[in-house]
Number of protein chains: 2
Amino acid sequence: MNGLHLTADLNGVEATLPLMLDPEALRALCQRAVEQADLGAVGELFHRFEPVPCCEQTGITGVVLLAESHLAVHTWPELGGVTVDVYVCNLGQDNSAKAEALMGWLVAAFAPRDARLQRLQRGAQSPGLSPIR
Amino acid sequence: MNGLHLTADLNGVEATLPLMLDPEALRALCQRAVEQADLGAVGELFHRFEPVPCCEQTGITGVVLLAESHLAVHTWPELGGVTVDVYVCNLGQDNSAKAEALMGWLVAAFAPRDARLQRLQRGAQSPGLSPIR
């Protein structure tokens, strides 16, 4: 299935931001952004990690399943890090602009010090990766 | 967060394979493969699309949230297509070999005619994409 997969690896995000710690805050942002982007949510799942001795992980991991594929967000407040994945298939129409808009809103909401964005073309005949910046 | 993101875009998968149509079959495969790979599932969500006039989509979309990030699978039986994402962060240890093993089992289970695999290095200082084949 041809489609566009956008990834963002964020650093320097404020560790006390509710989006980093509170699954309900992150869920609300994701729901709002998916709706604004005119993509179709068909399910969602968010999990907050309890601190564990091995790695002191205290963040959130969450996903919104889309009619067009998925949105996934993982936060590491202890490191000020976040990753975001937006993958949309292009069945019936090109959803690339919606994916770019969704990613833009999510990255802006975390206000990172720096962001590494990559754009991966999916599908058998696609050209592969092109860095965004 | 540095990590490894593997993607597989599969074509020529048998449309009547239970894994293409039955969320419980796909869920069981994913659970088993995650366990075999010694990765940590913290939640899962699978959804079956009902056929709709616009695009005749009848497949499954599903995700397993991992302590190490996520596994996502989308099927398009009407096209014989499947996409698989395995993303593992390398917090505390390098989980790359586990990710490669998990992806290998999943691709083999779908027995595609052809597979396009890509390997994306995630994180602020990572080198980006390298095609597997």
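The values are calculated or read from the model by the stated rules, or taken from the named source; none is laboratory data. Predicted model only: the values in this text are computed from it and were never measured. We place every Cβ from the backbone using ideal geometry, glycine too, and count neighbours over all the protein chains shown. Each accessible area value is taken on the protein alone, full model and side chains, heavy atoms only, with ligands, DNA and RNA left out. Shrake-Rupley method; radii C 1.70, N 1.55, O 1.52, S 1.80 Å.
FRET efficiency for residue B:22 and residue A:48, Cβ-Cβ distance as r, R0 = 35 Å, nearest 0.05? Walk me through the numbers before you get to the answer.
Details: r = 31 Å, r/R0 = 0.88.
It comes to 0.70.
Starting from the Cα of residue A:2, step 7 Å toward the Cβ, then list every residue of segment B:8-52 with an amide N under 19 Å from that point.
B:8-13
How large is the dipole of segment A:1-78 about the Cα centre if only Lys and Arg carry +1 and Asp and Glu carry -1, each at its Cβ, rounded to the nearest 20 debye? List each step's numbers first, then the result.
Numbers: 3 positive and 11 negative charges, 23 e Å.
It works out to roughly 100 debye.
Could you tell me how many degrees, from 0 to 90 and to the nearest 10, lie between the Cα long axis of helix B:23-36 and the main elongation axis, the longest principal axis, of the Cα atoms of chain B?
20 degrees
Relative to the Cα centre, what is the charge dipole magnitude of the protein assembly as shown, using +1 at the beta carbon of each Lys and Arg, -1 at the beta carbon of each Asp and Glu, and rounding to the nearest 20 debye?
Values: 18 positive and 30 negative charges, 125 e Å.
Roughly 600 debye for the protein assembly as shown.
Compute the relative contact order of chain A as a whole-number percentage, counting only Cα pairs closer than 8 Å that sit 6 or more residues apart in sequence.
Values: 303 pairs, mean separation 49.1, N = 133.
The normalised contact order for chain A reaches 37 percent.
Nearest 20 debye, what's the magnitude of the dipole of segment A:49-116 about its Cα centre given +1 on Lys and Arg Cβ and -1 on Asp and Glu Cβ?
Details: 3 positive and 8 negative charges, 27 e Å.
Here the size comes out at about 140 debye.
Heavy-atom accessible area of residue A:24 with all protein chains present, probe 1.4 Å, nearest 10 Å²?
That residue has around 100 Å² of solvent-accessible surface.
Please grab the % of Cα pairs in segment B:1-101 that end up more than 17 Å from each other.
52 percent
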